[in-house]
Amino acid sequence: MTDTLDAIAVTTIDGRPATLGDWAGKVRLVVNVASKCGLTPQYEGLEKLYREKHAAGLEVLGFPANDFLGQEPGDEAQIASFCSVNFDVTFPMFAKIAVTGDGIHPLYRALVAAQPAATGEGPMRGKLAGAGIAINPAPGVLWNFEKFLVGREGRVVARFAPDVTADDPRLRAAIDAALAA
């Protein structure tokens, strides 16, 4: 899995080619993000987490996606500006991708295959269903701000539901364990 995940091509938000392997040896928290979602304030906690743990080896990698109710309608320049102006985001951001459906990006296909179940799964799924929102079936990404934790060796070590925030003790414990490994 290491070679496969690290070799997957991605594009930075400013158009440069990259791979997840560009952050090899780091603990990577991969998050699908959106600027017009009820969970968008999570950017603040993700940035705080990044600043707190970056020197220890954590990278937060943000992948904008417009898969859920069109909640990321902007282009890369608009997304970058939104993140900078509203949340002072300094962690790496990437070009918009699909995280579900027929056009799912190979990165998300690999992440979901490696970790089909999410910690904290349940409350968000129930809220969406209660609001009459069509739910992406498991094991697919449920919604914006789902988090995949990739260890230093390039393997997915955990997955967290969208409503598990950056200060959640379960996420913090998993990050600390991955950083210590």
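The values are calculated or read from the model by the stated rules, or taken from the named source; none is laboratory data. Bear in mind that the values here come from a model prediction, so they are computed numbers and not experimental data. Neighbour counts are summed over all protein chains in view; Cβ atoms, including those assigned to glycine, are modelled from backbone coordinates with ideal geometry.
For segment 119-146, give me each residue that is part of a helix (DSSP H, G or I), within 30 Å of Ala56 (Cβ to Cβ) and not hydrophobic (A, V, I, L, M, F, W, C).
Of everything in segment 119-146, just one residue is part of a helix (DSSP H, G or I), within 30 Å of Ala56 (Cβ to Cβ) and not hydrophobic (A, V, I, L, M, F, W, C), namely Pro123.
Wholly within segment 1-115, which strands (runs of 3 or more DSSP E) include no fewer than the required count, namely at least 1 residues that are acidic (Asp, Glu) and under 25 Å from Ala173 (Cα atoms)?
Ranges flagged: 58-64.
Answer with yes or no whether Ala173 is farther than 25 Å from Gly57 by Cα and either among the basic types (Lys, Arg) or loosely packed, with under 13 Cβ neighbours inside 10 Å (or both).
It is false that Ala173 is farther than 25 Å from Gly57 by Cα and either among the basic types (Lys, Arg) or loosely packed, with under 13 Cβ neighbours inside 10 Å (or both).
Among the residues of segment 119-155, count how many are farther than 18 Å from Val27 by Cβ, among the aliphatic types (A, V, I, L, M) and under 14 Å from the mean Cα position of the chain (by Cα).
2
Yes or no: Thr12 in contact with a strand residue (DSSP E or B) (Cβ under 7 Å, 6 or more places away or on another chain) and at pLDDT 95 or above?
Yes, satisfied.
Whether any residue in segment 78-96 is surrounded by fewer than 17 Cβ atoms within 10 Å (Cβ to Cβ), modelled with pLDDT of 95 or more, among the acidic types (Asp, Glu) and touching a Phe, Trp or Tyr at 6+ places or on another chain (Cβ under 6 Å) is what I want to check.
Scanning segment 78-96, I find no residue that is surrounded by fewer than 17 Cβ atoms within 10 Å (Cβ to Cβ), modelled with pLDDT of 95 or more, among the acidic types (Asp, Glu) and touching a Phe, Trp or Tyr at 6+ places or on another chain (Cβ under 6 Å), so the answer is no.
Taking the residues in segment 111-129 that are at pLDDT 95 or above and buried (at least 19 other Cβ atoms within 10 Å of the Cβ) as candidates, determine which candidate is farthest from Ala7 (Cα to Cα).
The qualifying residue farthest from Ala7 (Cα to Cα) is Ala118.
May I ask you to list the residues in segment 147-167 that are in a loop (DSSP other than H, G, I, E, B) and crowded, with 16+ Cβ neighbours inside 10 Å?
If the condition is that a residue be in a loop (DSSP other than H, G, I, E, B) and crowded, with 16+ Cβ neighbours inside 10 Å, then Gly151, Arg152, Gly154, Ala161, Pro162, Asp163, Val164, Thr165, Ala166 are the ones that fit.
Can you tell which of Asn136, Asn144 is crowded, with 16+ Cβ neighbours inside 10 Å and over 20 Å from Asp168 (Cβ atoms)?
Answer to the check: Asn136.
Under 9 Å between Cβ atoms, at least 6 apart or on separate chains: pull out the pairs that start in segment 12-34 with a residue that is free of Cβ contacts under 8 Å to residues at least 12 places away in the same chain and end on any residue that is of a type in the set (D, E, K, R) and outside any loop (DSSP other than H, G, I, E, B).
Correct list of pairs: Asp22/Asp6.
Could you tell me whether Leu61 is in contact with a Pro (Cβ under 7 Å, 6 or more places away or on another chain) and either of a type in the set (Phe, Trp, Tyr) or more than 21 Å from Ala134 (Cβ to Cβ) (or both)?
Considered against the rule, which asks whether it is in contact with a Pro (Cβ under 7 Å, 6 or more places away or on another chain) and either of a type in the set (Phe, Trp, Tyr) or more than 21 Å from Ala134 (Cβ to Cβ) (or both), Leu61 comes out as yes.
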